[in-house]
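Asker: This is the structure I want to talk about, given as structure tokens.
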Amino acid sequence: MFDRLDLGGRKAPAFDQVDIPSALNLENLLATIPLAHAKGQVRLIDEHSPTEGYGLGWLAQVLGRSVDALSPSVVDDILAGRLCSLAVQSMDQFDPHIAQIAEELRGRTNRRVGVTAFFSPPRSQGTAVHYDRSDVLVLQVQGSKRWSVHEPVDIEPNFRTPYCLPQRAIEQLKPFGDWDLRRGDVLFLPSGWVHEVKNHADQVCVHLSFVVFSDSVLSVFGNAMTEAYAKLMGQPRWRTRVTSRSLTENGVVQQFEEMLAEFSRVFRDTLGEQPQRLCDHVLNGSAEAAQRSLARATVAALDGGHDDLVLSWVGGHHRAVRYGSKLEVTTEGSARHGVDPELYARCRTCGTVRLSELGGAGLWSDDEVVEFVATMVQDLGLLALKHVPRDAAPPAPTQLHTTEYTL
């Protein structure tokens, strides 16, 4: 769909127009919201909202009644009342036309692609002035939105640097151009370009943001350092207790120099072990495409009784947040994905596990296993599916880099 745009080397915004399938319309997109909300993929936002958006408690207070789900009537009330915008993440999970476009982009760029739909009430602003840390393709689907674009304040942003703008930076922005996007219009924004988006129309507007995630050397080195640290942390001398006084004693500098040399060797070895696995968002070429194909074939594998499929941890660092009995997992820059906490714990503890053991354990249905595998393999890239004969040893898992929270 975006064939005329050069997505590889462009350093400035670009405009294009494309034909949109008639099925990609407001009615069908609105119909995805209840399911997306049930999977934790909807945020209620405006230019003043926190990053995670407003909760249902806020919505219930504004509406003056209890709200336990985003039903069609509740969504209508939000948009008609101009209460806030709705950001629906992972739209490629909920609409086949969007999924096809996202897959084409993955094939062209060899990078992870996330899709978020923004539903904006009449005459509203859904986000504050900001920039994105990855390249974004904006596709206007319904209505019209004005995009005011400013020159970058961070030429090479990455997912280990903040992207919010202090007030002083906003006051010093240099305008680049304004675009009024209508159905079929496309705006390409390279990472770092600052923008402000407003709906000046008297109707609901919808645009899709195809986020083509970027990596940087900083991400690769950061993950390599984390893994090197994990390899050394079990050794006694790395666990030796120190005090402010002991750090001033004779011989400490020489000891630290020796340990630094050891860390450097481990770090260098870690970088040499398939460095592409240390990326946060770059796809690993045909290997990852094969993993996605295996994820889609999981149903057949379970039904057919195949026992040569093995799940193995391959991803880099990630966050796991527990909300009571629920668990949400995210990598840096990806949407939050709800996963079965017991399945997650089983795979995290084992590192590698045969798929037949999960399907045959009697604790989870085939559908639950399939949904978990698709999310962890296809959406998050933290697990890989591999064919390993029953009489062969499964592959060793990648060292996990996990930050866990309980809320």
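The values are calculated or read from the model by the stated rules, or taken from the named source; none is laboratory data. It should be emphasised that the depicted structure is a prediction, and the values quoted were computed from it without experimental measurement. Here Cβ is always computed from backbone atoms with ideal geometry, including for glycine, and neighbour counts include all displayed protein chains.
Asker: Could you check, for the range 165-187, whether at least one of its residues is modelled with pLDDT under 90, closer than 25 Å to residue 2 by Cβ and in contact with a Phe, Trp or Tyr (Cβ under 9 Å, 6 or more places away or on another chain)?
Answerer: No, that holds for no residue.
Asker: Is there any pair with a first residue in the range 230-242 that is closer than 12 Å to residue 259 by Cα and a second that is of a type in the set (Asp, Glu) and at pLDDT 85 or above whose Cβ atoms are under 8 Å apart and which are 6 or more apart or on different chains, and what are they?
Answerer: 232/262
Asker: Looking at 219, 191, 246, 214, which one is in contact with a helix residue (DSSP H, G or I) (Cβ under 9 Å, 6 or more places away or on another chain), among the small types (Gly, Ala, Ser) and within 25 Å of residue 13 (Cβ to Cβ)?
Answerer: None of the others qualify; the one that does is 219.
Asker: Got a number for residues in the range 334-372 being under 20 Å from residue 388 (Cα atoms), at pLDDT 80 or above and among the charged types (D, E, K, R)?
Answerer: Number satisfying all stated conditions: 2.
Asker: Taking the residues in the range 245-280 that are among the charged types (D, E, K, R) and assigned to a helix (DSSP H, G or I) as candidates, determine which candidate is surrounded by the most Cβ atoms within 10 Å (Cβ to Cβ). First the steps, then the outcome.
Answerer: Applying the first criterion (among the charged types (D, E, K, R)) to the range 245-280 yields 245, 249, 257-258, 262, 265, 268-269, 273, 277, 280.
Filter once more, keeping what is assigned to a helix (DSSP H, G or I): 257-258, 262, 265, 268-269, 277.
Working: 257: 10, 258: 11, 262: 15, 265: 11, 268: 11, 269: 13, 277: 18.
Residue satisfying both the conditions and the ranking: 277.
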